[in-house]
Amino acid sequence: MPENMLTALSDNIVIDKDKCIFCGKCIDTCILDNLRMKIAPCTKACPLGVNCQGYVQLIGRGFEEEALEEVEKSLPFPTILGRLCSAPCEAACHRRAVTGEAVSIRALKRYLTDRLQDRQPVTPEIKAATGKRCLVIGAGPAGMMAAYVLRLEGHDVTMIDAAAEPGGMLRWGVPEFRFPKSYLDREIHRLEQMGIDIQCNMAVGLEVQFSDLVKQYDAVIVATGCPEPKYLGMDNENAMGITHALPFLIQMRAGRPPEVGRKVVVVGGGEVAFDVAQTALRLGAESVSVYCLETRNELLADPHIVRIAENEGVVLNTGFGPTRILVRDGHFCGLELHNCTRVYDENDNFSPRFGDIITTCEADTLIVAIGQTRTPGGLIKKGLQYNELTYRLEGYDTVFVAGDFASGPATIVEGMRSGREAAISVIRLLQGQHLSYERAYEGPVVTEYAISTDRGSALERTAIPVRHSKGPGDFHEVEQTFSEEQAAAEASRCYSCGSPVGRFRTCWFCLPCEVECPTDALYVQIPYLLR
Amino acid sequence: MKQDYPVIQCDVLIAGGGSAGVMAAIRAKELDKDQRVIVLEKGDAKYSGCIARGMDALNIVSIPGIASPELYVESNSIACEGIMDEPPNHMMAQRSYGVMQRLVDLGVCFPVDENGNYDILQVHPKGKFCVTMKEPELKTILHKKMIELGTEVMNRTMAVELLKNEDRVTGVIAVNVRTGEICVIQAKSVILSAGGTARFGLPNNGNLYGVYDFPGNTGDGYCMAYRAGAELSGFEYTLTYYIVKDINAPLLYITLTRGAHLYDAYGNRKDKEHPSLRSLNYEDVINRSGPLRITMDHLEEETIAEIENLLFTTERPACERFYEGRGINFRNPGSDGEIELWGTEVFLCGGHGITGVRVNEKAETSVRGLYAAGDTSLVARGHLSGAFVYGEISAESATEFAHTVDHCEVDTGAVDRFLAKRAARLAQSDNPIAIEEFEYKVRRIINDYLRAPKNEYKLKRALWWMKRFREELSTMVYIKDMHDLFKSYELENIIQCAVLSATASLERKESRWLPWHYRTDFPETDNERWLKHIVLTQGEHPDDVVVAHKEIIRMAKEELTNA
C-alpha cells in the first residue's frame, strides 16, 4: 500500500475483532468510499467468495446459526461442499503458512450443517415471475448452482440431464461412503420445491436437438461436465477385468455393484483413485494397490483422504506409471510399470519422464482412474471458445457454458462458481444489461497487509473424526463430524487475519457504517487532526 | 478498437442521490410510474449527501398563518443583499409547507408541543420559517420510498460529462469510482443534483475531508452544466461558515434560540444582536473581535439536555464524541463548558449560499432538457427545503419534457474522446505527485486567494495558479489506480470551480455579503452598478469563461401580494 498525505494519517475506524464478522456491510455503506476489507486469505481463495473467516470466527464465539447464515449468503449448498469441497481456503490459510497445518475450514462448515440439520436452509425469496424461460443442460454442481441463481431471479428454469437421476458427478462420481446420496437428494428436492423443473433421461442430440433448444428458450446454459473416462491408450485396455473409474462408480450408485477380483490394481493419483480403491475393498477385494506417477508430496488427492484409504488397507505405490497391460486368455492379469522421474515440467505442465526401473504387478482387476473428459462431438467439434468473464459461448447470443464442460475437469466448488457466473450473465442478458460491466473488479478489498498471528490458539489441528470401515459391505460414511468441543477448539486456531480498514482516510464521521454494522463491531473516532 | 461499455436508456436521469436527487426520483416515479428513472450516485444513495444522519431543522417552511411566501421572498432578498431572483424563491416558499406535509406523511419526525404546535425558530431577518425536525432516518426513509417506487440507483457511479445533441442534453458519461469503467446513459431529460463544492478551500483542521459540508461534493454538477453551456451565477459568493472550531460542525441556532450566550474574544456579549453566520464572520474577519464563543452553563438542565438531544442524535451525531474528547460539558463554566467558533474553509453552495446553475421557477436551466436542483441549483439559500422543493419541481419539468422527445443517438465521438482522455490519465503512473498531495495544495491555494478579503492581485494569482494546476494534473500527478482516477475527475472540477469563482470575483468590483465578497480594492457596496447577477458561461474551451451581467428577475408587486 503506497502511502500518501492522507493515508499516512492515523486510521479513525476502530474495529472490535471480537465482534466483527467480516461481512463487508460497512464497506458497502461508506458514502465516501473510505473503507476496504483487508480480505482474509481463506475468503480470498474461495471461488464462491464464502466469508470463511466470518463463519469460523462465529463458530468460535458460539454463534452457530449465524455462522451457517453467513455461509449460505454465498453458498446455497453447504451440506455438499462441507463434505466434498477441495478447500482452497485451507490451502491459502495463513495458519498453514506459519505452522504447516491449516484451520479445518471445510470440516467446520460440515459441522455447521450437521449441527443444524433440522433447520430449514435459508433460501432468499424468489422474485416476481419474469416470464423468461431458461434451460440448464446438465444437473451437476454447476447446473444446480446456475438453476438456483436463475430461479431466485424469477425466471422459469428447466434443468435437463442425460442420466436417470440428477446430480451429475455428485451422484455418479462419488462413492456413498464419501457423500451419502441422501444429502444430494435433499438439495435436489429443495431445487424442485423452488419450482425448478428437473427432467432426466434427456440427452441432447438423442432425445432433443441442441439447435431446437436454443430456439425454444430465452437462454441456455450448457453444463454437461466431463462424463467420458480418459484412457491409458494402451493395447488390451478393453480386456476383461479392466474398467474405468467413472463407469465403476456409476454402477455402484445405480445399485449394480460391479464384480472385482481378489487382487485389484488402480492407476491414478487423484481422489477418485482412492475412492475406487476403497470401494474395491468394500466389494471384497483381498488387496488393492494404487499406482501413481506423483511422489507423495505431489499427490493431487487430499492427504487426509489418502491416510484414510491407507488405514483401510489400500497400498499406495508412488512414482510409477504403466507401460504395458498384461493379458492372459483375454483377461487382465497384471501391469508392467516403470519409474517416473518427473511429473511436471518447470512451467508446471504435465510432462512425465520415466527412468529404467521396470516392475510388474500381478492382479486380476484393473481400474483406470486418470481423469475424465468431455463427450466428444456436438459443440466441442467446433472447438469450445467462450468469454472467460461472462461464460458466453462464442458464436451464440443466448448460450453460456459452465462447470467442467467449460473448464475441463475441475473441482466442485469451481463448477459451482462458473455456474453462478453463467447464471449472472443470463440474468443480465434477460434484463438487457451489459454482460461484463463491473465483473472484472476484485472487490473493495486490500490483499497485501501484515497478518498478526496473536489471535490463534496454540492448539494443533483437530483430527477429523473417522468411522473405520468394518470391511466388505460397509458403505457407511467414513468421515464424521466434529463434536461441539472439537469445533470450538478448531475454530480457536483461526488467526482471524482480515479486517475492515479505513483505507483512504476520507472519513467524514457521518456514521452510517457504524449504524449498519450488524454486530456493533465498528466505532468511528473523530480523526486525530480534529480531536 | 471498438470500445465495449454499457449504454443504458432512461427517461429521466438524476445525477446525484442526495436530498434533492431522491426527492426528484420519488416525484418522477409518482408522476409516471412507467418511466425509467435512474439515479447516479458517487457513494451509496441510502445515506449520501448532506443528510447522512438526518437534519435538525427544515430551515424554510412557510406555514400558513405564521409566515407567508411573500414575507420569505422579502426576508431572503435582504439576506442575499438583493442578488436573488424572486420567482424561484417564491415558488420554493409556496411549496415548502406541502413538502413538509409530505415528509410528515412519510413518517419524518417534527416534534410538537403539548398543543400540537411545531417548534418554529426565527433565523431569517424577518419571519419565522425554521421548523425543528428530529429525524436521524430522514435519508433512509426517502431512499426506501424511492426504491419502492421503482427508481434504479447506480451507486459508486460519478456523472462526469453531459452528452448533447445540438442544443439539447441527451445523456451522461459516467465513471464507476471503484472499477474505473465508464457507462453511457441516454436520457430524455437530465436533472443535476450533485451538490455544491464543499471540498473547495482547505479546512483549518488540515484534513482534506474535515470540511463543513458533505465532502463528496466537488462541484460536479456546476462543471457538467458549465461544459454543457448552461448559465452559472453567484460564484463570487465565496462562503465561509462560522461554526465549531476543528470539528467544523454546526450548532449556532440550536443553542442561541434556546438562550445560549455568545461572547467575542474580549468578553462582549453578542447574542442580543440577532447574530447570523455572516455577522459572526464579519465580527471575526472585519472587526477582528474573534474567535467567538458560546456558553450554556447558565441554562436550566432541561434546556441543556434538549440541546444535547438535538445535537447528538441528528445531522452530526459524532459531535458528542468530539465534546467528550475535549472534556467539554455544556454545564461547566469557563473553557471546559464553552464552545469556540471559527470561520470555516471557503466553499461554494446553492443551498447555503447563492452559487449555482441558474434555474427558473420550473427548475429549467438555460440548456434544453437540463434541470438542476438542490445545492447545484441557484435557489438562493434554499437549504434543505430548497433541495426538496426543487427536487420535486425538477422532476415535474423533466418528466414533462421527457414525454415530448425521443432518445438521440449516442455521440460516440464524445465518448471516444472521453475514453482517450481516461486512457491518458491512466498512463500517467510514473508522475511524482500523489493526487492527495496535489489536492492539498490546490485547496490551500484556494483558501489563500479566494477567501475574503479579496483584491485584484490575489484573484489574478488564483487564476495563475489554477492554470498551472490544470497542467500539473496531467504533468505532475500520478494516477496508479482507479481510486486515483476518480479523484482526478473531482480535482478537475474543483480547479474549474476555482477558475469560475476567481473570474466572477474579479468581475464584481464592489464588496457585498461582507465578509464573503469583501474586496479590499473596492470596499463599498455599490447597488447602482452591481445589483445584478454575474453570469458565467463557457466560451470556446473550459478556460475561456464568458462573463455577462444579468438583471435580477423580480415578480410584479401584484403577484407578490396576491399570490
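The values are calculated or read from the model by the stated rules, or taken from the named source; none is laboratory data. Given the structure is predicted, the values throughout are model-derived calculations rather than measurements. Note that we place each Cβ from the backbone using ideal geometry, even for glycine, and neighbour counts take in every protein chain shown. Areas reflect the complete protein model, heavy atoms only, side chains present, ligands, DNA and RNA absent. Shrake-Rupley method; radii C 1.70, N 1.55, O 1.52, S 1.80 Å.
Condition check: outside any helix (DSSP H, G or I) and either in contact with a strand residue (DSSP E or B) (Cβ under 9 Å, 6 or more places away or on another chain) or within 13 Å of chain B (Cβ to nearest Cβ) (or both). Does A:G419 satisfy that? So A:G419 fails the test.
Residues in segment A:28-43 that are under 18 Å from A:I526 (Cα atoms) and either of a type in the set (D, E, K, R) or outside any loop (DSSP other than H, G, I, E, B) (or both): A:D33, A:L35. Applying a threshold of 9 Å to beta carbon distances and a minimum spacing of six or more residues, or different chains, the list of pairs starting in segment B:330-345 at a residue that is closer than 16 Å to B:D213 by Cα and ending at one that is open to solvent by 70 Å² or more (accessible area, probe 1.4 Å) reads B:W342/B:N204; B:G343/B:N204; B:T344/B:N204; B:E345/B:N204. From the list B:E340, B:E308, the lone residue that is under 23 Å from A:W508 (Cβ atoms), of a type outside the set (G, A, S) and in a strand (DSSP E or B) is B:E340. Is it the case, given these coordinates, that A:S457 is in a helix (DSSP H, G or I), without any contact (Cβ under 8 Å) to a residue 40 or more places away in the chain and of a type outside the set (D, E, K, R)? Spelling it out, it is not the case that A:S457 is in a helix (DSSP H, G or I), without any contact (Cβ under 8 Å) to a residue 40 or more places away in the chain and of a type outside the set (D, E, K, R).
The residues of segment A:218-255 that are closer than 30 Å to A:L430 by Cβ and open to solvent by less than 30 Å² (accessible area, probe 1.4 Å), listed by number, are A:A219, A:V220, A:I221, A:V222, A:A223, A:G225, A:C226.
Put simply, of A:S10, A:S74 the only residue that is outside any helix (DSSP H, G or I), out of contact with any His (no Cβ under 8 Å at 6 or more places or on another chain), closer than 24 Å to A:T123 by Cα and open to solvent by 10 Å² or more (accessible area, probe 1.4 Å) is A:S74. Selection over segment A:13-69 of residues that are within 14 Å of chain B (Cβ to nearest Cβ), β-branched (V, I, T) and open to solvent by less than 30 Å² (accessible area, probe 1.4 Å) gives a count of 4.
Table: residues versus (1) more than 30 Å from A:G54 (Cα to Cα); (2) open to solvent by less than 60 Å² (accessible area, probe 1.4 Å); (3) basic (K, R); (4) assigned to a loop (DSSP other than H, G, I, E, B).
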position	(1), (2), (3), (4)
A:R95	no, yes, yes, no
A:V98	no, no, no, no
A:V103	no, yes, no, yes
A:D118	no, no, no, yes
A:P121	no, yes, no, yes
A:M144	no, yes, no, no
A:A163	yes, yes, no, yes
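Answer with yes or no whether B:N268 is within 14 Å of chain A (Cβ to nearest Cβ) and in contact (Cβ under 8 Å) with a residue 12 or more places away in the chain. When the stated conditions are applied, B:N268 does not pass them. Could you tell me which of the residues B:L299, B:L256, B:L292, B:L277 is open to solvent by less than 10 Å² (accessible area, probe 1.4 Å) and more than 14 Å from chain A (Cβ to nearest Cβ)? Among B:L299, B:L256, B:L292, B:L277, only B:L292 is open to solvent by less than 10 Å² (accessible area, probe 1.4 Å) and more than 14 Å from chain A (Cβ to nearest Cβ).
Screening the candidates B:K145, B:K139 for the property of being modelled with pLDDT of 95 or more, in contact with a Phe, Trp or Tyr (Cβ under 7 Å, 6 or more places away or on another chain) and outside any strand (DSSP E or B) yields one hit, B:K139.
As a summary of the residue check, B:M55 satisfies the conditions (1) open to solvent by less than 10 Å² (accessible area, probe 1.4 Å); (2) hydrophobic (A, V, I, L, M, F, W, C); (3) in a loop (DSSP other than H, G, I, E, B) except for the one numbered (1). Just one of (1) surrounded by fewer than 19 Cβ atoms within 10 Å (Cβ to Cβ); (2) touching a helix residue (DSSP H, G or I) at 6+ places or on another chain (Cβ under 6 Å) fails for A:G167. It is (1). Residues of segment B:383-419 that are open to solvent by 60 Å² or more (accessible area, probe 1.4 Å) and either assigned to a helix (DSSP H, G or I) or of a type in the set (A, V, I, L, M) (or both): B:E400, B:T412, B:D416, B:R417. Only helices (runs of 4 or more DSSP H) whose full extent lies in segment B:451-563 are considered here, and the ones with at least 2 residues that are crowded, with 19+ Cβ neighbours inside 10 Å are B:456-475, B:482-507. Filter segment B:35-83 for residues that are among the β-branched types (V, I, T) and touching a Ser or Thr at 6+ places or on another chain (Cβ under 7 Å); which is nearest to the other protein chains (Cβ to nearest Cβ)? Checking each candidate, the answer is B:I51. Here A:Y528 meets the list (1) open to solvent by 30 Å² or more (accessible area, probe 1.4 Å); (2) away from every other protein chain (no Cβ under 14 Å) almost entirely, failing just condition (2). Among all residues of segment B:491-502, there is none that is out of contact with any helix residue (DSSP H, G or I) (no Cβ under 6 Å at 6 or more places or on another chain), farther than 30 Å from B:A423 by Cβ and touching a residue at least 40 places away in the same chain (Cβ under 8 Å). The set of residues in segment A:171-189 being open to solvent by less than 30 Å² (accessible area, probe 1.4 Å) and either in contact with a strand residue (DSSP E or B) (Cβ under 8 Å, 6 or more places away or on another chain) or of a type outside the set (D, E) (or both) consists of A:R171, A:G173, A:V174, A:P175, A:F177, A:F179, A:P180, A:L184, A:I188. Inside segment B:420-450, can you point out the residues that are within 14 Å of chain A (Cβ to nearest Cβ) and assigned to a helix (DSSP H, G or I)? Answer for segment B:420-450, where residues must be within 14 Å of chain A (Cβ to nearest Cβ) and assigned to a helix (DSSP H, G or I): B:I435, B:E436, B:E437, B:F438, B:E439, B:Y440, B:K441, B:V442, B:R443, B:R444.
Within segment B:195-244, restricting attention to residues that are within 14 Å of chain A (Cβ to nearest Cβ) and hydroxyl-bearing (S, T, Y), the residue that is surrounded by the fewest Cβ atoms within 10 Å (Cβ to Cβ) is B:Y209.
The set of residues in segment B:188-212 being in contact (Cβ under 8 Å) with a residue 60 or more places away in the chain and out of contact with any helix residue (DSSP H, G or I) (no Cβ under 8 Å at 6 or more places or on another chain) consists of B:A198, B:P203, B:N204, B:V211, B:Y212.
Within segment B:171-192, being open to solvent by 10 Å² or more (accessible area, probe 1.4 Å) and either assigned to a loop (DSSP other than H, G, I, E, B) or of a type in the set (S, T, N, Q) (or both) holds for B:R178, B:T179, B:E181, B:Q186. The number of residues in segment B:120-148 being open to solvent by 50 Å² or more (accessible area, probe 1.4 Å) and over 22 Å from B:H352 (Cβ atoms) comes to 5. Please tell me if A:R493 is assigned to a loop (DSSP other than H, G, I, E, B) and more than 9 Å from chain B (Cβ to nearest Cβ). Judged against the criteria, A:R493 is a match.
Of the residues A:E477, A:E438, the single one that is within 14 Å of chain B (Cβ to nearest Cβ) and surrounded by fewer than 18 Cβ atoms within 10 Å (Cβ to Cβ) is A:E438.
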